[in-house]
Protein chains: 2
Amino acid sequence: MVNDADLVAAYARLTVQVGVNVQPGQLFLIDAPVEHAPFVRQVAAEAYATGAAFVDVNYADELVRRSHVEHAPDDRLGWSPPWLLERTRTVGRERGAVLIVRGDPRPDVFADLDGTRVAHARMRELGAAKLELTDGLCNWSIVAFPTEGWATKVFGEPDVARLWDAVVTATRLDEPDPVAAWRTHIAELDRRAVALSRHRFDAIRFRGPGTDLTVGLHADGSWQAAQDESNGVEHVANMPTEEVFTTPDARRTEGVVRSTYPLQIQGTVVRGLEIRFEGGRAVELHAHEGEALMRTHIAVDDGAARLGEVALVDRSSRVGKTGLVFYETLFDENAAAHVALGAASPQCVDGARVLSPAERHARGVNQSSIHIDLMIGSREVDVAGITASGEHVPILQRGDWVLR
Amino acid sequence: MVNDADLVAAYARLTVQVGVNVQPGQLFLIDAPVEHAPFVRQVAAEAYATGAAFVDVNYADELVRRSHVEHAPDDRLGWSPPWLLERTRTVGRERGAVLIVRGDPRPDVFADLDGTRVAHARMRELGAAKLELTDGLCNWSIVAFPTEGWATKVFGEPDVARLWDAVVTATRLDEPDPVAAWRTHIAELDRRAVALSRHRFDAIRFRGPGTDLTVGLHADGSWQAAQDESNGVEHVANMPTEEVFTTPDARRTEGVVRSTYPLQIQGTVVRGLEIRFEGGRAVELHAHEGEALMRTHIAVDDGAARLGEVALVDRSSRVGKTGLVFYETLFDENAAAHVALGAASPQCVDGARVLSPAERHARGVNQSSIHIDLMIGSREVDVAGITASGEHVPILQRGDWVLR
């Protein structure tokens, strides 16, 4: 299967047609590690064949970045080059399309470096500008491409063929017509989102080993899934996607939570993460590994210690069915229920998209330059909705979806 | 030799220390094909170790670009993305450093495409902005990295080891101390430049099979070699370099010239090129191969059909000694005397660096968004200087340097 040209082409087609849904005449930006060139070329070819006007690829090189983290002076460590900001703003202005390709070719590249410097090396200003793009300006998607490095992280050996098998399962490339299979899948997730929205829960409560977390919701919030619409174009922002999600009230998270998956972030694995929330804010944080990095992240700005997302996933998930830990958020967050620290998706709160930053803040729609998903679901974690009158309605029980 | 980490590291060191001469605190931009990542990483590591503040790599992907040439709408075909212009302007403003890495991994990538579209796909605005950088704002260099594609072009098979041998010879990496060897070499070329400048030739005449070309020079011009100084930093703009060169008077080229090397340009080989000049302008052009591409290039702007450089190379050249045609201008132009169509180096004309575009034009210092070197020297082409009184003084005879 590995490097099978037909498979790469099919993945590229699914990415361009369903994920990003590139429109004729669009400017189309791709961000990918340099090791993903074989996939990027197929995506670009597919996009141009679909009528894209200009495809720009920004290839990232983690080994160059490693030298940067090691040696750059403090004032340039987290510097966002103005030309990358301009690139981001241009695609926003032009209402273009965006693809981010993950599948880390070197998952441990920063693992032995100073965690504080690693965290400070994030291009925060650029991160914030990119979040604006994904906030209604551009049709966009995130996909992941199998590499030896990623396979080694998952299996302990560079078994790319086995990783491809898992990716094929998770992304429904094993279906006779993957595009049609995605339409069906999207419809099912949409039904769940409609059911959740109809219940108008005041909060969601997670209970399991090490976890008793209540996440307050917005009275005028709604649940969404899979398909997004930006700039008048329907697109699937994450492939795979198995979640239904909403934007919590950033002021109303209470309790403790324990991660159920390791978290791969900036070349470092965070394991055994435990956080206590009070008044919406993370006030205590511990981890067996990667604690310093996490502490630095949640301190980068005011919203970094608050939740911007709560998402539910059941055990019918194609990703969960592989039984793998992918050490790749795009996949792992679709195997288990999760919450995210940092930036919220304003489209889940009525009218929030057109609010100013100050108005969003006042409404409890979280803002931050980070967005870090924490997987907290498992078959041992039950999830219930709490109604305005205090009634608990089961949503997930032992991993099964039970809400109607 | 291939992929020998020590060799790549030594080449990177020579590039950073002698070629670009990266200074502590500098912003350092690298432009390279995506296939050159192994070299680029070494260069970045060396630059950061030297104290560079920020290294940015723009990896080009010729296969993505091929899709662009095939499918892009006309109005985006030669579009220069504003963010790449901003990148170029930023390094100019910051007086940063620039490296361009050649060694085309896919020399024939555009060969079967419409030559006119290929030529129009050049980012002209970006090209012009980059020429400004190399006009005193930044210390910079161009080097070339061996790849299978380039080796195949040279040898008909992907013999990268053999190409490395040639590159090692041409760049003096075979010397016990390459940096010291370069100092000696630069001093020798400088002696030639001083001798040529002292003669104050009014013109240079090339005579050989198919060639009788007289290139008028500036009365206040000078010859330069190897080492350049920009932004107060000494650097070697081309590695290898074997030439002494000056800026001709763009109004005073007369006669006919026949290329002595094939020309590799934008994935197309131009062979058997013959040009007739009148009043400084190319008025007739023929080629056995690539004629349409060349015609399009010399029509892109007013200066594209005039000369911006004349350069002399003798047969002691390390590049010439390899006996190879590299299909890579950086190397081939250092095997043989050459002239260049397009943009001139204003530093060879007294005071021209500070002149406005209009003033440069009035002085016959050529300006263009292109700079295409045409190799016209061989052992059969003699070169003489013509003094103001009309005397012919031999410079190169059968390839030997005879001027004192």
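The values are calculated or read from the model by the stated rules, or taken from the named source; none is laboratory data. What you are looking at is a predicted structure, and each value in this text was computed from that prediction instead of being measured. Reconstructed Cβ throughout: ideal geometry from the backbone, glycine too, with neighbour counts over all protein chains shown. Just so you know, the surface numbers come from the protein's heavy atoms only, side chains and all, with ligands and any DNA or RNA stripped out. Shrake-Rupley method; radii C 1.70, N 1.55, O 1.52, S 1.80 Å.
Which is in contact with a Pro (Cβ under 9 Å, 6 or more places away or on another chain) and either hydrophobic (A, V, I, L, M, F, W, C) or farther than 21 Å from B:Ile100 by Cβ (or both), of B:Ala344, B:Ala336, B:Ala305, B:Ala292?
Values: B:Ala336 fails: in contact with a Pro (Cβ under 9 Å, 6 or more places away or on another chain); B:Ala305 fails: in contact with a Pro (Cβ under 9 Å, 6 or more places away or on another chain); B:Ala292 fails: in contact with a Pro (Cβ under 9 Å, 6 or more places away or on another chain).
Exactly one residue qualifies, and that residue is B:Ala344.
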A:His288 meets each of (1) over 24 Å from A:Asp104 (Cβ atoms); (2) out of contact with any helix residue (DSSP H, G or I) (no Cβ under 9 Å at 6 or more places or on another chain); (3) not acidic (Asp, Glu) with one exception, condition (1)
Considering each of A:Thr134, A:Thr147, A:Thr184, A:Thr211 in turn, give the residue that is within 22 Å of A:Asn366 (Cα to Cα) and of a type in the set (Ser, Thr, Tyr). A:Thr134
Applying the selection to region A:240-256, what residues are open to solvent by less than 30 Å² (accessible area, probe 1.4 Å) and within 27 Å of A:Val194 (Cα to Cα)? A:Pro240, A:Thr241, A:Glu242, A:Glu243, A:Val244, A:Thr246, A:Thr247, A:Pro248, A:Asp249, A:Ala250, A:Thr253
Looking at (1) buried (at least 18 other Cβ atoms within 10 Å of the Cβ); (2) more than 30 Å from B:Ala9 (Cα to Cα); (3) more than 9 Å from chain A (Cβ to nearest Cβ), find the lone condition where B:Leu85 falls short. (3)
Selection count, region A:288-298, where residues are more than 15 Å from A:Arg117 (Cβ to Cβ) and at pLDDT below 95: 3
(1) more than 24 Å from A:Ser368 (Cβ to Cβ); (2) in contact with a helix residue (DSSP H, G or I) (Cβ under 8 Å, 6 or more places away or on another chain): which one isn't true of A:Gly320, the others all being true? (2)
May I ask you to list the residues in region A:5-22 that are more than 13 Å from chain B (Cβ to nearest Cβ) and under 17 Å from A:Gly96 (Cβ atoms)? A:Thr15, A:Gln17, A:Gly19, A:Val20, A:Asn21
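Regarding region A:32-39, can at least one residue be identified that is of a type in the set (A, V, I, L, M, F, W, C), in the same structural domain as A:Val109 (by TED's automatic domain parsing) and not in a helix (DSSP H, G or I)?
So the first thing to find is which residues in region A:32-39 are of a type in the set (A, V, I, L, M, F, W, C), and the list is A:32, A:34, A:37, A:39.
From what's left, in the same structural domain as A:Val109 (by TED's automatic domain parsing): A:32, A:34, A:37, A:39.
Going one step further and asking which of them are not in a helix (DSSP H, G or I), we end up with A:32.
Checked region A:32-39: at least one residue is of a type in the set (A, V, I, L, M, F, W, C), in the same structural domain as A:Val109 (by TED's automatic domain parsing) and not in a helix (DSSP H, G or I).
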Kindly indicate which of A:Arg66, A:Arg13, A:Arg106 is over 27 Å from A:Gly136 (Cβ atoms), within 23 Å of the chain's Cα centre (by Cα) and outside the structural domain of A:Asp332 (by TED's automatic domain parsing). A:Arg106
Given the criteria assigned to a helix (DSSP H, G or I), in contact (Cβ under 8 Å) with a residue 40 or more places away in the chain and not assigned by TED's automatic domain parsing to the domain that holds A:Gly351, does A:Ala187 qualify? no
Of the residues that sit in region B:47-64 and are buried (at least 23 other Cβ atoms within 10 Å of the Cβ) and more than 7 Å from chain A (Cβ to nearest Cβ), which one is farthest from A:Gln42 (Cα to Cα)? B:Ala52
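Any residue in region B:352-363 that is open to solvent by less than 10 Å² (accessible area, probe 1.4 Å) and under 19 Å from B:Asp249 (Cβ atoms)? Outline the logic, then answer.
At the first step, the residues of region B:352-363 found to be open to solvent by less than 10 Å² (accessible area, probe 1.4 Å) are B:352.
Right, trim to under 19 Å from B:Asp249 (Cβ atoms) and you get B:352.
So far as region B:352-363 goes, yes, one or more of its residues are open to solvent by less than 10 Å² (accessible area, probe 1.4 Å) and under 19 Å from B:Asp249 (Cβ atoms).
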Which numbered condition A:Phe39 fails, given (1) within 21 Å of the chain's Cα centre (by Cα); (2) open to solvent by 20 Å² or more (accessible area, probe 1.4 Å): (2)
Out of (1) touching a Ser or Thr at 6+ places or on another chain (Cβ under 7 Å); (2) at pLDDT below 95, what's the single condition that is false for B:Ser369? (1)
Enumerate the pairs (first residue in region B:87-103 and in contact (Cβ under 8 Å) with a residue 60 or more places away in the chain; second residue anywhere and outside any loop (DSSP other than H, G, I, E, B) and among the basic types (Lys, Arg)) with beta-carbon separation below 7 Å, excluding pairs fewer than 6 apart on the same chain, so at least 6 apart or on different chains. none
Residue within region B:66-74 that is at positive phi and within 8 Å of chain A (Cβ to nearest Cβ) present: no
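Taking region A:294-344 only, how many residues are assigned to a loop (DSSP other than H, G, I, E, B), under 14 Å from the mean Cα position of the chain (by Cα) and over 13 Å from A:Thr241 (Cβ atoms)? Give the derivation first.
Going through region A:294-344, the residues assigned to a loop (DSSP other than H, G, I, E, B) turn out to be A:299-301, A:306, A:313-317, A:322-328, A:333-337, A:343-344.
Now narrow it down to the ones that are under 14 Å from the mean Cα position of the chain (by Cα): A:313, A:326-328, A:333-337, A:343-344.
Now narrow it down to the ones that are over 13 Å from A:Thr241 (Cβ atoms): A:326-328, A:336-337, A:343-344.
Within region A:294-344, residues that are assigned to a loop (DSSP other than H, G, I, E, B), under 14 Å from the mean Cα position of the chain (by Cα) and over 13 Å from A:Thr241 (Cβ atoms) number 7.
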B:Asp112 meets each of (1) more than 7 Å from chain A (Cβ to nearest Cβ); (2) in contact with a helix residue (DSSP H, G or I) (Cβ under 6 Å, 6 or more places away or on another chain); (3) open to solvent by 10 Å² or more (accessible area, probe 1.4 Å) with one exception, condition (2)
Among the residues of region B:274-287, write down those that are over 20 Å from B:Glu309 (Cβ atoms) and either loosely packed, with under 13 Cβ neighbours inside 10 Å or modelled with pLDDT under 95 (or both). B:Glu284
Output the qualifying pairs, or none if there are none: Cβ atoms under 6 angstrom, residues six or more apart or on different chains, first residue in region A:219-237 and over 21 Å from A:Leu196 (Cα atoms), second residue acidic (Asp, Glu) and surrounded by 20 or more Cβ atoms within 10 Å (Cβ to Cβ). A:His235/A:Asp228
Failed criterion for B:Trp182 (all others in (1) among the aromatic types (Phe, Trp, Tyr); (2) not assigned by TED's automatic domain parsing to the domain that holds B:Tyr11; (3) not in a helix (DSSP H, G or I) hold): (3)
State the number of residues belonging to region A:193-203 that are buried (at least 20 other Cβ atoms within 10 Å of the Cβ) and either at positive phi or under 20 Å from the mean Cα position of the chain (by Cα) (or both). 1
